[in-house]
Amino acid sequence: MKKILPVALILIASLVFFSGCTSDSTKITPETQSTAVIYTETPVPTEEQYVVTKPLLVIGEDIYSTKISIDAKESGSNSLIVTVKFDSTNQMGKTGAGMDLMTTIFAYNYDDVPASFNPQTKEEIIAAGIPYKTVLTTLYPNNVKSSGADLPGDSVQGSLSINKAYNYGAIIVKEGERN
């Protein structure tokens, strides 16, 4: 047993020594070293995405229990007839004080405003230079009323082409109450 242990150690050591010499590995030199190819991606231009892509309806927080909808129809004279419908009917038949609602109705071509255009106030509409009309409507409980504008015809500013991409909307704020 004493003779087998040194022979086994010599055998293992020689296997380890010779295994490195008989491998097929290539010595890496600066001439054989591969050069890394760096790829740079060219950014693909993307179309600008508009923030608002459907009709915009901004309703003041103090206007409650009123259903409000907006619609528009193209007229033959290169204008847009925008209508806002107010529905304050209720199942209880409740009556009471009315609300004075100031509605700023507007329309614009996407090309005329920045992609981030998302107006929330009448002042933003005026500053943008787009067509608008302001209408005051008194709405009592159990009333159904409509306000409308023919844009750009009813506007004092801006132009609109219904042959180009456009959008429309309304900003509604409560101005006061009536008995």
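Derivation of every value follows stated rules applied to the coordinates shown; laboratory data play no part. Bear in mind that the values here come from a model prediction, so they are computed numbers and not experimental data. FYI the Cβ positions are ideal-geometry reconstructions off the backbone, even for glycines, and counts take in every protein chain you see.
At-a-glance table
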{"quantity": "Net charge of neighbours whose Cβ lies under 13 Å from the Cβ of residue 148, counting Lys and Arg as +1 and Asp and Glu as -1", "calculated": "+1"}
{"quantity": "Inter-label distance for residue 59 and residue 118, nm, one decimal - labels placed 7 Å from Cα along Cα-to-Cβ", "calculated": "1.9"}
{"quantity": "Contour minus Cα-Cα distance for residue 136 and residue 164 (0.36 nm per residue)", "calculated": "7.1 nm"}
{"quantity": "Proximal lysine pairs, region 56-178, alpha carbons under 23 Å, eight or more residues apart or interchain", "calculated": "25"}
{"quantity": "√(5λ) per eigenvalue of the Cα gyration tensor, region 56-178, largest first, Å", "calculated": "28, 15, 11"}
{"quantity": "Local net charge near residue 130, Cβ-Cβ under 15 Å (Lys/Arg +1, Asp/Glu -1)", "calculated": "-3"}
{"quantity": "Efficiency of FRET from Cβ geometry, residue 78 and residue 51, R₀ 30 Å, rounded to 0.05", "calculated": "0.70"}
